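Read through the structure below, which is laid out as structure tokens, and then see the notes.
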Amino acid sequence: MSDDERFIDYAEIDAAGVFHIRVQRFFDFQGEPRGLVGRVEQAGHPFDGLWAATWTMIVGEFDFVEKLCPRWDIELGPTEPRVDDWPVPPDTPPAYAGHGGTLAVSQTAITRFLEKMM
């Protein structure tokens with residue numbers, strides 16, 4: 001399916017708020033750690049059960065506790081994402097995509113990170 005044929009709803013992911021992803025694996029791009037694949041596990045959340053591929057849009061050394069990357073992009077869909085050199089966008093609905101999120105081990109870590117930025 002071409003990008004023109006598939007529909008990805010960017011607004012719904014922005015409105016969905018915080019959710020939890022159980023990490024299945026990490027992936028590299030051009031020899032650098034850049035992202036992860038996992039599944040949303042949060043009962044009652046609109047994305048519960050969907051697969052996620054998410055990646056840093058900034059190259060650097062980050063962790064999920066103290067040194068967070070402020071810019072992660074994400075795509076969600078009902079099937080496990082394929083990652084060649086880069087994640088392949090989902091082509092089975094429902095599919096969602098978003099940008100500008102932050103990943104961390106907990107909401108507390110994100111709150112601390114955002115407070116330091118202010």
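In the set (1) under 23 Å from residue 114 (Cα atoms); (2) open to solvent by 80 Å² or more (accessible area, probe 1.4 Å), residue 24 fails one condition alone, (1). So for region 5-12 (the condition being at pLDDT 90 or above and either open to solvent by 50 Å² or more (accessible area, probe 1.4 Å) or of a type outside the set (Gly, Ala, Ser) (or both)), does at least one residue qualify? Looking through region 5-12, none of the residues is at pLDDT 90 or above and either open to solvent by 50 Å² or more (accessible area, probe 1.4 Å) or of a type outside the set (Gly, Ala, Ser) (or both). For region 41-60, a residue qualifies if it is surrounded by 19 or more Cβ atoms within 10 Å (Cβ to Cβ) and within 23 Å of residue 94 (Cβ to Cβ), and the qualifying residues are 47, 50, 51, 52, 53, 54, 55.
The values are calculated or read from the model by the stated rules, or taken from the named source; none is laboratory data. Not measured: the values here are computed from a predicted model. Reconstructed Cβ throughout: ideal geometry from the backbone, glycine too, with neighbour counts over all protein chains shown. Just so you know, the surface numbers come from the protein's heavy atoms only, side chains and all, with ligands and any DNA or RNA stripped out. Shrake-Rupley method; radii C 1.70, N 1.55, O 1.52, S 1.80 Å.
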